[in-house]
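The values are calculated or read from the model by the stated rules, or taken from the named source; none is laboratory data. Please read all numbers here as calculations on a predicted model, not as lab measurements. Cβ: placed from backbone, ideal geometry, glycine included. Neighbour counts: every protein chain shown.
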Amino acid sequence: MASLQSSFTVLATTPTSRNSPLPKPSLLSTARRSHRFQVSCSSGGGGVDRRNMLLGLGGLYGASNLISGRKANADPILPPDLSQCDPTGATTTNSQGQVVSLDVNCCPPYTDIQSDYKLPTFTTTRVRPSANRRTLSPEYIAKYQLAIQRMRDLDVTDPDDPRGFTQQANVHCAYCNGPYDQPDHPGTDLQVHNSWLFFPFHRWYLYFFERILGSLIGDPDFAIPYWNWDNPRGMFMPELFAVPGTPAYDANRNQDHIPTGSNPVVDLSLNSGLTDPIQIVNNNLTIMYNEMIGTPASATDFMGQPYREGDAPHSFSGGGTSERGSHTAIHVWVGDPRNEYSEDMGNFYSAGRDPIFYCHHANVDRMWTLWKGIPADYPKEITDTDFLKSAFMFYDENKNLVRVTVADALDHKRMGYEYEPSNTPWMNYRPQQRVVPADVQALSKKAQTVKQLFPLTLNNTVRVIVPKPTKGKADETLVIENIVTDNTKLVKFDVFVNDEEDKPEEVDRAEYAGAFTQLPHRVKAKESTGNLRLNLRELYENINIANDGSVVVTIVPTINGGAVSIGGIKIVPRVN
Ligand code: C2O
């Protein structure tokens, strides 16, 4: 592995065939084979194309893999090989479920000069301000708009400049919509969502975006704003992004959510039937509490599931509580429902085209910093070297192509920035505890057994009696198994335990266990399969559970239940 850790500067070599170890048998699927076929088609059409000319990096990795025979214990995700970026690999799915090619080339410009990135020693700290703060100074706003404008200008003067706005947006598309395969695993996408790569990848992405903006306006201390959607004062679209004709404006947004004097409230529960702003705010605070504190029982519950070299990308259930929850909800809430693909924010390939994306993700990144500081009964650091050594490629503010690691992104202060503090009322928003436990016997009469109910398509609300391994209060996890979703659909369902009230639009209650949300997304298969795990220990305390041997779980299809099927449900001792 030593060769991967050392600096590398690779020049293009003569064409060679790539050394590709056999894929893991479990990953062989029709979808992968058909993709591989595409790749060989596009590079085998006679003549020497760029792809064949520039195999330097791939060759290096291929060789090091063979030498180390690494499979046994070290499988970090390798940084993409830019020479292998396949523009035709970028696809999405339309509302009829057909995979369609994107008419954009989201591959970055290529250079064969690359190096390991060394974090500078910062003497000043870039303090990222809240975009929703009323007192944001006109000077700051002017600077921000100027910096975005300079980035947009590069699109016109030099479309191949990696610092340009469109090139920056394409970084997201390239890492999410399929142009990159994992080095040495042709046909297996490199995907930075739905796994533990989610937070570190986006932290680096914002880091370079911010450094580029600063350098374009000659202010290395410039800091991007964050959208304070976790605080009631920030639960509306920041006006900074809503002035038509200004650089931070984007027309492809949900027009009902544009701030116009009466500011529509952000709805993290994505319940379109809700109109009472107070209920929406209460829901939001509960959702924040749950995803930051109540639900995760391990670092990977919050950060996302392990994703290692050679793994096929996970479905949405591989994402951590924050990625699946507030993060996804804001994407959906901002995206334009008039657009077939929910552009810009509602689809990965186009999300980076909306300047608000970077402001949204600054708050997502801030959530990572806050979560780390909240005491919990599990370690907050992931020490697995497959996580720490995973790496990405970015262009820095001087247009140098650099390789960065997850390990170097763990401490944001070392990266020279921090967040202006703002209130976090969700931290104390644990739902009110019930005094009298629910009558599970009575509830069970309206419910079915696991055997009677599953497998099912979630067309309607269902109630199921789920046996508990231990009676009463215990440290247990609810597992909803084999959730199969249509990848082309926005999907959401909510889960309640021992709920006698049946008010699914009010999630600020002790009985609320959590949700499953899926953005329509592009993968090679039409369907994804995964499990949803929800930690129940706090919920049992909140509902003041009696010494019962089972609970009644209610599953409510909130959005497109018909596109979800569920294989089963069980409660197990806490899973870490
Ligand atoms: Cu890379 Cu919010 O998505």
Worksheet item: In the set L478, L443, L458, which member is more than 26 Å from N363 (Cβ to Cβ) and in contact with a Pro (Cβ under 7 Å, 6 or more places away or on another chain)?
Response: L458
Worksheet item: Within the stretch 441-458, can one find any residue that is touching a strand residue (DSSP E or B) at 6+ places or on another chain (Cβ under 9 Å), part of a strand (DSSP E or B) and at positive phi?
Response: no
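Given Y175, Y180, which one is more than 21 Å from G320 (Cβ to Cβ), of a type outside the set (S, T, N, Q) and surrounded by 23 or more Cβ atoms within 10 Å (Cβ to Cβ)? It would help to see each step written out before you state the result.
Values: Y175 fails: more than 21 Å from G320 (Cβ to Cβ).
Of the residues listed, the single one that is more than 21 Å from G320 (Cβ to Cβ), of a type outside the set (S, T, N, Q) and surrounded by 23 or more Cβ atoms within 10 Å (Cβ to Cβ) is Y180.
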Item to complete: For S262, state whether it is surrounded by fewer than 22 Cβ atoms within 10 Å (Cβ to Cβ), touching a residue at least 12 places away in the same chain (Cβ under 8 Å), of a type outside the set (A, V, I, L, M) and out of contact with any strand residue (DSSP E or B) (no Cβ under 9 Å at 6 or more places or on another chain).
Response: no
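Can you spot a residue in the stretch 551-558 that is under 19 Å from I287 (Cα atoms), in contact with a strand residue (DSSP E or B) (Cβ under 7 Å, 6 or more places away or on another chain) and either modelled with pLDDT under 95 or assigned by TED's automatic domain parsing to the domain that holds I330 (or both)? Before the answer, list the steps.
Restricting attention to the stretch 551-558, the residues satisfying the condition of being under 19 Å from I287 (Cα atoms) are 553-558.
The next check asks that each one be in contact with a strand residue (DSSP E or B) (Cβ under 7 Å, 6 or more places away or on another chain); those that pass are 553-558.
Those still in the list that are either modelled with pLDDT under 95 or assigned by TED's automatic domain parsing to the domain that holds I330 (or both) too: 558.
Yes: one or more hits.
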Item to complete: All but one of (1) more than 16 Å from the ligand (Cβ to nearest atom); (2) closer than 25 Å to G320 by Cα; (3) in contact with a Gly (Cβ under 6 Å, 6 or more places away or on another chain) hold for P220, so report the exception by its number.
Response: (2)
Discussion item. Among (1) farther than 20 Å from Q191 by Cα; (2) surrounded by fewer than 20 Cβ atoms within 10 Å (Cβ to Cβ), there is one condition N284 misses while meeting the rest; what is its number?
Written reply: (2)
Practice prompt. Please name all residue pairs, on different chains or six or more residues apart, with Cβ atoms under 6 Å, provided the first residue is in the stretch 324-344 and is closer than 11 Å to Q518 by Cα and the second residue is more than 10 Å from the ligand (Cβ to nearest atom) and hydroxyl-bearing (S, T, Y).
Written response: R324/T517; T328/T517
Fill in: Criterion: surrounded by 23 or more Cβ atoms within 10 Å (Cβ to Cβ) and more than 30 Å from S528 (Cβ to Cβ) - qualifying residue of P225, P244, P232, P138
P225
Discussion item. Given the condition within 16 Å of the ligand (Cβ to nearest atom), in contact with a helix residue (DSSP H, G or I) (Cβ under 9 Å, 6 or more places away or on another chain), over 25 Å from Q167 (Cβ atoms) and modelled with pLDDT of 95 or more, answer yes or no: does some residue in the stretch 258-266 qualify?
Written reply: yes
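Condition check ((1) within 13 Å of the ligand (Cβ to nearest atom); (2) closer than 17 Å to Y358 by Cβ) across all residues:
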{"position": "T123", "(1), (2)": "no, no"}
{"position": "S137", "(1), (2)": "no, no"}
{"position": "Y144", "(1), (2)": "no, yes"}
{"position": "R150", "(1), (2)": "no, yes"}
{"position": "D161", "(1), (2)": "no, no"}
{"position": "F165", "(1), (2)": "no, yes"}
{"position": "Y205", "(1), (2)": "yes, yes"}
Item to complete: Please name all residue pairs, on different chains or six or more residues apart, with Cβ atoms under 8 Å, provided the first residue is in the stretch 400-424 and is more than 28 Å from W229 (Cβ to Cβ) and the second residue is in a helix (DSSP H, G or I).
Response: L401/L82; T405/L388; A407/L388
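So, in the stretch 409-424, exactly how many residues are on the phi < 0 side of the Ramachandran plot and either in the same structural domain as R463 (by TED's automatic domain parsing) or assigned to a loop (DSSP other than H, G, I, E, B) (or both)?
Going through the stretch 409-424, the residues on the phi < 0 side of the Ramachandran plot turn out to be 409-415, 417-424.
Narrowing further to those that are either in the same structural domain as R463 (by TED's automatic domain parsing) or assigned to a loop (DSSP other than H, G, I, E, B) (or both): 410-415, 420-424.
Residues meeting the conditions: 11.
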Fill in: Conditions (1) farther than 24 Å from I148 by Cβ; (2) hydrophobic (A, V, I, L, M, F, W, C); (3) modelled with pLDDT of 95 or more; number of the one not met by A297
(3)
Worksheet entry | Qualifying residue in the stretch 540-554 (condition: closer than 22 Å to V332 by Cα, in contact with an Asp or Glu (Cβ under 9 Å, 6 or more places away or on another chain) and surrounded by fewer than 19 Cβ atoms within 10 Å (Cβ to Cβ)) | no
Item to complete: Would you check if E397 is in a loop (DSSP other than H, G, I, E, B) and within 24 Å of A74 (Cβ to Cβ)?
Response: no
Worksheet item: With respect to P200, is the statement that it is in contact with a Cys (Cβ under 7 Å, 6 or more places away or on another chain) and either within 10 Å of the ligand (Cβ to nearest atom) or assigned by TED's automatic domain parsing to the domain that holds A409 (or both) true?
Response: no
Worksheet item: So I293 fits all but one of (1) within 30 Å of D184 (Cβ to Cβ); (2) more than 16 Å from the ligand (Cβ to nearest atom); what number is the exception?
Response: (1)
Item to complete: All but one of (1) among the hydroxyl-bearing types (S, T, Y); (2) away from the ligand (no atom under 15 Å from the Cβ); (3) buried (at least 24 other Cβ atoms within 10 Å of the Cβ) hold for S272, so report the exception by its number.
Response: (3)
Response to the item:
Restricting attention to the stretch 412-437, the residues that are closer than 21 Å to K473 by Cβ and touching a Gly at 6+ places or on another chain (Cβ under 8 Å) number exactly 1
Response to the item:
Of (1) under 30 Å from F241 (Cα atoms); (2) touching a strand residue (DSSP E or B) at 6+ places or on another chain (Cβ under 6 Å), D365 fails just (2)
Discussion item. Just checking: which of the strands (runs of 3 or more DSSP E) contained wholly in the stretch 492-566 hold 2 or more residues that are among the aromatic types (F, W, Y)?
Written reply: 512-518
Discussion item. So, T369, is that one in a helix (DSSP H, G or I), β-branched (V, I, T) and away from the ligand (no atom under 13 Å from the Cβ) or not?
Written reply: yes
